[in-house]
Amino acid sequence: MVGLVLALLCTGLAAAWESDPRASATTAGPGDTARAGAYALPFDLPDRAALRARGKLVFAHYFTPYPLSLDNDEPHRDYYARHYLTPHGEKGKHRAYGGLLRDRPLPVRPQDGDWELANLRQEVRTARDAGLDGFTLDLLSLSGRNWERCRLMLEAARSVDPDFTIMLMPDMASLTSETPRQIADALAELGRSPAAHRLPDGRLVVSPFKAEARSAGWWSALLDDLRARHGVRTAFVPLFLDFGAHHEEFAPISYGFSDWGARTYTQPDDPGRDARLAHRLGKVWMQPVAVQDARPSQGVYDEAGNTGTLRATWHRAIAGGADWVQLTTWNDYSETTHFAPSQHNGHAYLDLTSYYLTRFKTGTWPRIVRDTLYVTSRTQFADAVPTGGQTRLMTLRGSSEEARDTVEVLPFLTRPATLRVTVGTVTTSQPVPAGTAPVLVPLRTGEVSAAAVRDGRTAAAVELPYRVVRHPEVQDLQYYAATSGRPAPPCCL
């Protein structure tokens, strides 16, 4: 009986959340403007024509293992719930590190018909309506479920919006035994889709992840094979794990460059160094933008500094003069790097990205027209020891900043106000100016909330729908997020 009640409750909550016009910007059709759901934002998102006028492009790295649903089941009992979010899933293979994932895509209801294609269309609409231009599609394999999802993604993009394109990204960390001919055949097949990203002159953009896993000569032979056997002209944009060590070797065959990037909130002395180097060589530069990185299965994490990494990496793209941006990632939940709307973050990180991409694309910061608060916090302290028997814990990556225990409120205010932040039993108040500037307070156990008060009235209020605990069952070092602009997602797990 309890299970039945929970199922009905979760289904009802999910239905109510999906029907709320503030909840999702995924209801617009292909002909609608990018304003769908925009009043959830603190500013008015420009229409697509304005966002595309200067030719600046923003893609998000799509990771095929984690679509919206894996089995078209109810969210409280689907594959994510039963196997990825519990230490006991998949016959206990993830028990040592407390389960494969700490977050999941926003719950979707089971659908009739081709539910996988329908869900991919929904993801395309979500990204498109946030101002993105396309996905960089991680080609992990040339057969099996991940390959089939690659095919479906191109069909989904084609059917939703002809201007939303898919950049092909063979993953050379995974494609370790495939021959150049096999990869060329796969690229040619996917490249026949109208949704495959091409330059205005018709060249197919090929952007391999970890391109340095093969030599420039190896790639040159593959690109020659694509032209000779398939008639496909290409623009090669290799993505490196170490741009500095490999750009000279690859320059003669490349149209542009990219790098996977660091996950740090500290600003480099010269944010435009890599872009300028690429430009001096006559190449475009695709800048990585990240939100956070915590990998239970690999036992490492980076200190994201609440929204610090998101803001800092967007600053590098804007101030550094990047031509394109890649959000790393859209949906890699195993590395907790996702910008996609999720169970624990709602749309918060994607909404913030819409603000920064507007500046990147148009050259002008958007005017704040709605008071909006964003709150980010971990739900446990960085040094907390889990009680559930987890034996492998995440430790800081060597290049990371030191761990910190902070709650951040990022206000977007039309006029000055008083910001009241409550963490546990402690409330702090301080005046904050119009505009946006982060406010940090110490992390404590209990509930987390914030309100902007002006003239004795609450202009905006937000509550993190998860408590901070002293003794967690599993280690979870991601930053949870919430926004006053949207209702919290239903908690169905």
Can you give the local net charge around Pro87? Use residues other than it whose beta-carbon is closer than 13 angstrom to its beta-carbon, Lys and Arg +1, Asp and Glu -1.
+3
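With the cut-off at 1.5 for a/c, could you classify the range 400-453 from its C-alpha gyration tensor as rounded, prolate or oblate? Could you put the intermediate results ahead of the total?
On the way: a/c = 2.94, a/b = 1.38, b/c = 2.12.
It is oblate, given that a/c is not under 1.5 and a/b is not larger than b/c.
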First select every other residue whose beta carbon is under 11 angstrom from the beta carbon of Gln343; then total the charges, Lys and Arg +1, Asp and Glu -1.
+1
In percent, what relative contact order does the chain have, based on Cα pairs under 8 Å that are 6 or more apart in sequence?
17 percent
For a test of understanding, tell me how many lysine pairs in the chain have Cα atoms under 29 Å apart, given they are 8 or more places apart or on different chains.
7
If you count the DSSP beta bridges with both ends in the chain, what percent of them are antiparallel, to the nearest 5?
55 percent
Based on the alpha carbon coordinates of the range 230-303, what radius of gyration and maximum Cα-Cα distance (Dmax) apply, in Å?
14.9, 46
Quickly estimate the mean residue ellipticity at 222 nm for the chain, helices only: each DSSP H run with n ≥ 4 gives -39500 (n - 2.57), and the total goes over all residues, rounded to 500.
-8000 deg cm²/dmol
Tally Lys/Arg at +1 and Asp/Glu at -1 over every other residue whose Cβ is under 13 Å from the Cβ of Val421; what's the total?
-1
Of the listed values (1) 25.3; (2) 23.2; (3) 24.2, identify the label whose number matches Kirkwood radius over Cα pairs in Å calculated from this model.
(2)
Euclidean distance between Cα centres, the range 378-447 to the range 285-313, Å:
16 Å
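Rounded, prolate or oblate: which fits the range 344-493 when a ≥ b ≥ c are the square roots of the eigenvalues of the alpha-carbon gyration tensor, with rounded for a/c under 1.5 and prolate only if a/b beats b/c? Don't skip to the end; give the middle numbers.
On the way: a/c = 1.99, a/b = 1.53, b/c = 1.30.
Prolate shape, in that a/c is at least 1.5 and a/b is the bigger ratio.
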Yeah, the range 142-188 with a ≥ b ≥ c from its alpha-carbon gyration tensor (a/c under 1.5 is rounded, else prolate when a/b outruns b/c, oblate otherwise) is prolate
For Thr406, distant residues with modelled amide H under 5 Å away
Arg378, Leu443
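Values quoted throughout were computed directly from the atomic coordinates according to the rules given, and no laboratory measurement underlies them. All figures in this text were calculated on a predicted structure; none of them were measured in a lab. Don't worry about glycine lacking a Cβ; one is built from the backbone with ideal geometry, like all the others, and counts go over all protein chains shown.
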